[in-house]
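Here is the structure we will look at, set down as C-alpha coordinates.
The values are calculated or read from the model by the stated rules, or taken from the named source; none is laboratory data. The model shown is predicted, which means the values in this text are computed figures rather than measured ones. Quick reminder, even Gly has a Cβ in these numbers, built from the backbone with ideal geometry, and neighbours come from all protein chains shown. Areas reflect the complete protein model, heavy atoms only, side chains present, ligands, DNA and RNA absent. Shrake-Rupley method; radii C 1.70, N 1.55, O 1.52, S 1.80 Å.
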Amino acid sequence: MISFTDVCKLYPEGYEALKNITLSIEQGEQVFLSGHSGAGKSTLLKLIVAIERPTSGNIVVGQQNIAALKRSAIPYLRRNIGMIFQEQKILYDRNVFANVVLPLQVTNFDTKTRAARVRAALDKVGLLNKEKADPITLSGGEKQRMCIARAVVHRPTILIADEPTANLDSNYAQDIMAVFESFNQVGVTVLISTHDEQLLGTTSHRVLELGHGQLVT
Ligand code: ADP
Ligand code: ADP
(Lines give C-alpha, C1' and ligand atoms only; values in the text may rest on other atoms or scores of the structure.)
(Ligands and ions follow the chains in the order given, each with its own letter.)
Protein backbone atom coordinates (compact mmCIF):
# COMPACT_ATOMS: atom_id res chain seq x y z
CA MET A 1 0.00 0.00 0.00
CA ILE A 2 2.85 2.35 0.93
CA SER A 3 6.44 1.65 0.00
CA PHE A 4 9.66 3.63 0.25
CA THR A 5 12.86 2.57 -1.48
CA ASP A 6 16.11 4.36 -0.57
CA VAL A 7 14.32 7.61 0.12
CA CYS A 8 16.35 10.66 1.10
CA LYS A 9 15.07 14.11 1.93
CA LEU A 10 17.32 17.13 2.05
CA TYR A 11 15.67 20.41 2.95
CA PRO A 12 16.76 23.40 0.86
CA GLU A 13 19.20 24.61 3.52
CA GLY A 14 20.93 21.25 3.14
CA TYR A 15 19.62 19.54 6.28
CA GLU A 16 19.29 15.81 5.66
CA ALA A 17 15.97 14.99 7.38
CA LEU A 18 15.68 11.42 6.01
CA LYS A 19 18.48 9.08 4.93
CA ASN A 20 17.98 5.95 2.84
CA ILE A 21 14.55 4.99 4.12
CA THR A 22 13.24 1.67 2.84
CA LEU A 23 9.97 0.41 4.26
CA SER A 24 6.70 -1.12 3.27
CA ILE A 25 3.24 -0.97 4.83
CA GLU A 26 0.63 -3.47 3.75
CA GLN A 27 -2.97 -2.71 2.90
CA GLY A 28 -5.09 -2.86 6.06
CA GLU A 29 -2.10 -2.65 8.39
CA GLN A 30 -1.82 -0.24 11.33
CA VAL A 31 1.70 1.03 12.00
CA PHE A 32 3.17 3.48 14.49
CA LEU A 33 6.09 5.72 13.62
CA SER A 34 8.16 6.63 16.67
CA GLY A 35 11.29 8.65 17.31
CA HIS A 36 12.68 11.69 19.11
CA SER A 37 11.70 15.21 18.18
CA GLY A 38 13.45 16.12 14.93
CA ALA A 39 13.91 12.44 13.96
CA GLY A 40 12.06 12.99 10.67
CA LYS A 41 8.57 11.64 11.48
CA SER A 42 6.62 14.60 10.07
CA THR A 43 8.84 14.71 7.02
CA LEU A 44 8.16 11.03 6.31
CA LEU A 45 4.38 11.54 6.60
CA LYS A 46 4.50 14.66 4.42
CA LEU A 47 6.28 12.70 1.68
CA ILE A 48 3.38 10.21 1.55
CA VAL A 49 0.86 12.95 0.80
CA ALA A 50 3.26 14.94 -1.42
CA ILE A 51 3.38 17.98 0.85
CA GLU A 52 7.13 17.48 0.57
CA ARG A 53 8.94 15.78 -2.30
CA PRO A 54 11.81 13.28 -1.89
CA THR A 55 15.30 14.39 -2.93
CA SER A 56 16.00 10.85 -4.13
CA GLY A 57 14.49 7.40 -3.95
CA ASN A 58 11.13 5.96 -4.80
CA ILE A 59 7.77 6.23 -3.05
CA VAL A 60 4.70 4.30 -4.09
CA VAL A 61 1.30 4.93 -2.49
CA GLY A 62 -1.53 2.72 -3.74
CA GLN A 63 -0.70 2.42 -7.42
CA GLN A 64 0.92 5.82 -7.66
CA ASN A 65 4.60 6.64 -7.91
CA ILE A 66 4.85 9.78 -5.80
CA ALA A 67 8.27 10.88 -6.97
CA ALA A 68 7.03 11.07 -10.56
CA LEU A 69 3.63 12.53 -9.70
CA LYS A 70 2.72 15.72 -11.54
CA ARG A 71 1.53 18.60 -9.41
CA SER A 72 -1.88 18.38 -11.06
CA ALA A 73 -2.26 14.75 -9.91
CA ILE A 74 -1.77 15.54 -6.21
CA PRO A 75 -5.48 16.14 -5.49
CA TYR A 76 -6.26 12.68 -6.90
CA LEU A 77 -3.64 11.11 -4.65
CA ARG A 78 -5.14 12.84 -1.62
CA ARG A 79 -8.66 11.63 -2.41
CA ASN A 80 -7.45 8.29 -1.23
CA ILE A 81 -5.81 9.55 1.96
CA GLY A 82 -7.15 11.11 5.15
CA MET A 83 -4.63 13.41 6.85
CA ILE A 84 -4.53 14.60 10.43
CA PHE A 85 -1.65 17.01 10.82
CA GLN A 86 -0.73 19.10 13.82
CA GLU A 87 -1.24 22.46 12.20
CA GLN A 88 -4.91 21.52 11.80
CA LYS A 89 -7.05 24.31 10.46
CA ILE A 90 -10.27 24.46 12.43
CA LEU A 91 -12.62 27.15 11.15
CA TYR A 92 -14.13 28.88 14.17
CA ASP A 93 -16.63 30.92 12.16
CA ARG A 94 -18.80 27.85 11.49
CA ASN A 95 -20.13 24.83 13.33
CA VAL A 96 -18.81 21.27 13.53
CA PHE A 97 -20.93 20.03 10.64
CA ALA A 98 -19.66 22.81 8.38
CA ASN A 99 -16.05 22.03 9.30
CA VAL A 100 -16.44 18.33 8.55
CA VAL A 101 -18.23 18.85 5.21
CA LEU A 102 -15.36 20.97 3.81
CA PRO A 103 -13.52 18.19 1.92
CA LEU A 104 -16.78 17.25 0.18
CA GLN A 105 -17.31 20.73 -1.20
CA VAL A 106 -14.98 20.03 -4.11
CA THR A 107 -16.91 16.87 -5.03
CA ASN A 108 -20.16 16.72 -6.95
CA PHE A 109 -22.17 14.94 -4.25
CA ASP A 110 -25.59 16.46 -3.68
CA THR A 111 -26.50 18.11 -0.39
CA LYS A 112 -28.29 15.05 0.96
CA THR A 113 -25.38 12.74 0.25
CA ARG A 114 -22.95 15.20 1.82
CA ALA A 115 -25.04 15.44 4.96
CA ALA A 116 -25.29 11.64 5.19
CA ARG A 117 -21.52 11.32 4.79
CA VAL A 118 -20.83 13.98 7.43
CA ARG A 119 -23.21 12.35 9.92
CA ALA A 120 -21.74 8.91 9.27
CA ALA A 121 -18.24 10.28 9.92
CA LEU A 122 -19.36 12.15 13.07
CA ASP A 123 -21.04 8.99 14.26
CA LYS A 124 -17.82 6.99 13.79
CA VAL A 125 -15.89 9.41 16.02
CA GLY A 126 -18.69 9.75 18.59
CA LEU A 127 -19.61 13.37 17.85
CA LEU A 128 -23.03 13.00 16.28
CA ASN A 129 -24.65 15.05 19.03
CA LYS A 130 -22.23 17.93 18.42
CA GLU A 131 -22.87 18.67 14.76
CA LYS A 132 -24.35 22.08 15.50
CA ALA A 133 -21.77 22.97 18.16
CA ASP A 134 -19.38 25.85 17.77
CA PRO A 135 -15.86 24.32 17.66
CA ILE A 136 -14.66 26.73 20.34
CA THR A 137 -16.90 24.90 22.83
CA LEU A 138 -15.27 21.50 22.16
CA SER A 139 -12.69 19.90 24.45
CA GLY A 140 -9.24 19.11 23.06
CA GLY A 141 -10.20 15.49 22.47
CA GLU A 142 -13.44 16.48 20.76
CA LYS A 143 -11.60 18.91 18.48
CA GLN A 144 -9.23 16.13 17.51
CA ARG A 145 -12.17 13.80 16.83
CA MET A 146 -13.75 16.49 14.66
CA CYS A 147 -10.51 16.64 12.67
CA ILE A 148 -10.57 12.87 12.28
CA ALA A 149 -14.17 13.03 11.03
CA ARG A 150 -13.10 15.64 8.49
CA ALA A 151 -10.19 13.45 7.42
CA VAL A 152 -12.40 10.40 6.78
CA VAL A 153 -15.52 12.04 5.36
CA HIS A 154 -14.41 11.23 1.80
CA ARG A 155 -13.80 7.58 2.86
CA PRO A 156 -10.08 7.30 2.25
CA THR A 157 -8.38 3.92 2.27
CA ILE A 158 -5.33 5.34 4.07
CA LEU A 159 -5.30 7.43 7.25
CA ILE A 160 -2.19 9.35 8.28
CA ALA A 161 -1.89 11.18 11.59
CA ASP A 162 1.03 13.22 12.91
CA GLU A 163 1.21 13.07 16.74
CA PRO A 164 -2.60 13.06 17.08
CA THR A 165 -2.47 12.76 20.86
CA ALA A 166 0.38 15.20 21.51
CA ASN A 167 -1.65 17.77 23.41
CA LEU A 168 -4.14 15.47 25.11
CA ASP A 169 -4.51 13.93 28.58
CA SER A 170 -4.02 10.18 28.59
CA ASN A 171 -7.77 9.47 28.84
CA TYR A 172 -8.47 11.52 25.74
CA ALA A 173 -5.45 10.02 24.04
CA GLN A 174 -6.86 6.52 24.56
CA ASP A 175 -10.19 7.59 23.07
CA ILE A 176 -8.44 8.94 20.01
CA MET A 177 -6.43 5.76 19.56
CA ALA A 178 -9.64 3.73 19.83
CA VAL A 179 -11.09 5.80 17.00
CA PHE A 180 -8.11 5.00 14.75
CA GLU A 181 -8.36 1.36 15.78
CA SER A 182 -12.01 1.28 14.67
CA PHE A 183 -11.10 2.56 11.20
CA ASN A 184 -8.30 0.03 10.95
CA GLN A 185 -10.79 -2.70 11.85
CA VAL A 186 -12.90 -1.88 8.79
CA GLY A 187 -9.86 -2.19 6.54
CA VAL A 188 -8.35 1.29 6.51
CA THR A 189 -4.53 1.38 6.42
CA VAL A 190 -3.42 3.55 9.36
CA LEU A 191 -0.06 5.23 9.97
CA ILE A 192 0.36 7.28 13.16
CA SER A 193 3.44 9.09 14.41
CA THR A 194 3.80 9.31 18.17
CA HIS A 195 6.37 9.55 20.93
CA ASP A 196 3.92 8.29 23.57
CA GLU A 197 6.09 5.67 25.30
CA GLN A 198 3.18 4.14 27.18
CA LEU A 199 1.25 3.54 23.99
CA LEU A 200 4.31 2.25 22.14
CA GLY A 201 5.11 -0.12 24.99
CA THR A 202 1.70 -1.78 24.95
CA THR A 203 0.60 -1.77 21.32
CA SER A 204 0.30 -4.97 19.32
CA HIS A 205 0.87 -3.05 16.09
CA ARG A 206 4.19 -2.73 14.29
CA VAL A 207 6.39 0.16 15.36
CA LEU A 208 8.85 1.79 12.95
CA GLU A 209 11.43 3.81 14.84
CA LEU A 210 13.26 6.75 13.34
CA GLY A 211 16.49 8.14 14.82
CA HIS A 212 18.24 11.10 13.18
CA GLY A 213 16.54 10.46 9.86
CA GLN A 214 17.25 6.75 9.72
CA LEU A 215 15.15 3.71 10.50
CA VAL A 216 16.33 2.09 13.71
CA THR A 217 13.99 -0.89 13.60
P1 ADP B 1 9.83 15.04 13.76
O2 ADP B 1 8.47 15.05 13.17
O3 ADP B 1 10.35 13.67 14.06
O4 ADP B 1 9.97 15.96 14.94
P5 ADP B 1 10.59 16.55 11.38
O6 ADP B 1 10.35 15.71 10.20
O7 ADP B 1 9.61 17.62 11.72
O8 ADP B 1 10.85 15.60 12.65
O9 ADP B 1 12.00 17.25 11.22
C10 ADP B 1 13.19 16.54 10.88
C11 ADP B 1 14.31 17.54 10.69
O12 ADP B 1 14.10 18.31 9.51
C13 ADP B 1 14.42 18.54 11.84
O14 ADP B 1 15.79 18.76 12.10
C15 ADP B 1 13.77 19.77 11.30
O16 ADP B 1 14.34 20.94 11.86
C17 ADP B 1 14.06 19.69 9.81
N18 ADP B 1 12.98 20.32 9.03
C19 ADP B 1 11.68 20.00 9.07
N20 ADP B 1 10.98 20.74 8.20
C21 ADP B 1 11.87 21.55 7.59
C22 ADP B 1 11.78 22.56 6.59
N23 ADP B 1 10.60 22.88 6.02
N24 ADP B 1 12.91 23.20 6.22
C25 ADP B 1 14.08 22.87 6.77
N26 ADP B 1 14.27 21.93 7.72
C27 ADP B 1 13.16 21.29 8.13
P1 ADP C 1 -22.85 5.01 5.52
O2 ADP C 1 -23.60 4.82 6.79
O3 ADP C 1 -23.06 6.35 4.87
O4 ADP C 1 -22.93 3.86 4.54
P5 ADP C 1 -20.42 3.98 6.58
O6 ADP C 1 -20.99 3.53 7.88
O7 ADP C 1 -20.03 2.99 5.56
O8 ADP C 1 -21.34 5.11 5.94
O9 ADP C 1 -19.14 4.85 6.88
C10 ADP C 1 -19.26 5.97 7.69
C11 ADP C 1 -17.99 6.75 7.65
O12 ADP C 1 -16.95 5.95 8.17
C13 ADP C 1 -17.58 7.13 6.27
O14 ADP C 1 -18.08 8.37 5.89
C15 ADP C 1 -16.13 7.17 6.43
O16 ADP C 1 -15.81 8.38 7.01
C17 ADP C 1 -15.81 6.09 7.40
N18 ADP C 1 -15.48 4.81 6.78
C19 ADP C 1 -16.18 3.67 6.81
N20 ADP C 1 -15.57 2.69 6.15
C21 ADP C 1 -14.44 3.21 5.69
C22 ADP C 1 -13.39 2.72 4.89
N23 ADP C 1 -13.35 1.49 4.44
N24 ADP C 1 -12.41 3.56 4.59
C25 ADP C 1 -12.42 4.81 5.05
N26 ADP C 1 -13.37 5.33 5.81
C27 ADP C 1 -14.39 4.56 6.10
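Some values worked out for this structure:
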item	result
Dipole moment magnitude, nearest 20 debye, the chain about Cα centre, only Lys, Arg, Asp, Glu C-beta charged	980 debye
The range 17-32-the range 55-124 distance, computed between alpha-carbon centres (Å)	21 Å
Mean ellipticity per residue at 222 nm, deg cm²/dmol - from DSSP H runs of n ≥ 4 across the chain, formula -39500 (n - 2.57)	-9000 deg cm²/dmol
Added length on full extension, which subtracts the Cα-Cα distance from 0.36 nm per residue, residue 181 to residue 155	7.8 nm
Highest-fluctuation residue, 111, 165, 189 considered, GNM on the chain with Cα pairs under 10 Å	111
Segment residue 214-residue 20, extension gain: residue separation times 0.36 nm, minus the distance between their alpha carbons	69.1 nm
Theoretical FRET efficiency, 1/(1+(r/R0)^6), r = Cβ-Cβ of residue 115 and residue 63, R0 41 Å, to 0.05	0.85
Range in the chain, longest, excluding exposed GluC sites (Glu not before Pro) [loop by DSSP; at most 14 other beta-carbon atoms within 10 Å]	88-217
Average accessible area per residue (Å²) across the chain - probe 1.4 Å, nucleic acids and ligands excluded	50 Å²
Partners for residue 70 among lysines (Cα-Cα distance below 23 Å; same-chain residues under 8 apart left out)	9, 46
Longest exposed-site-free window of the chain, the sites being trypsin sites (Lys or Arg not before Pro) in a DSSP loop that have at most 12 other C-beta atoms within 10 Å	133-217
Of 72, 139, 42, the one that fluctuates the most in a GNM where the chain has Cα springs shorter than 10 Å	72
Helix 140-152 axis, angle to the chain major axis (alpha carbon atoms, nearest 10°)	80 degrees
Overall Cα dimensions of the range 91-155 - principal axes, largest extent first, Å	32, 24, 17
Gaussian network model of the chain, Cα within-10 Å springs - most flexible of 180, 85, 109	109
Protein accessible area in the chain, 1.4 Å probe - carbon and sulfur %	49 percent
³J(HN,Hα), Karplus 6.51/-1.76/1.60, whole Hz, each residue of the range 57-71, x for Gly, Pro	x, 10, 10, 10, 10, x, 9, 9, 8, 5, 4, 9, 5, 6, 3
For the range 1-136, the Rg and Dmax computed from alpha carbons only, in angstrom	17.7, 50
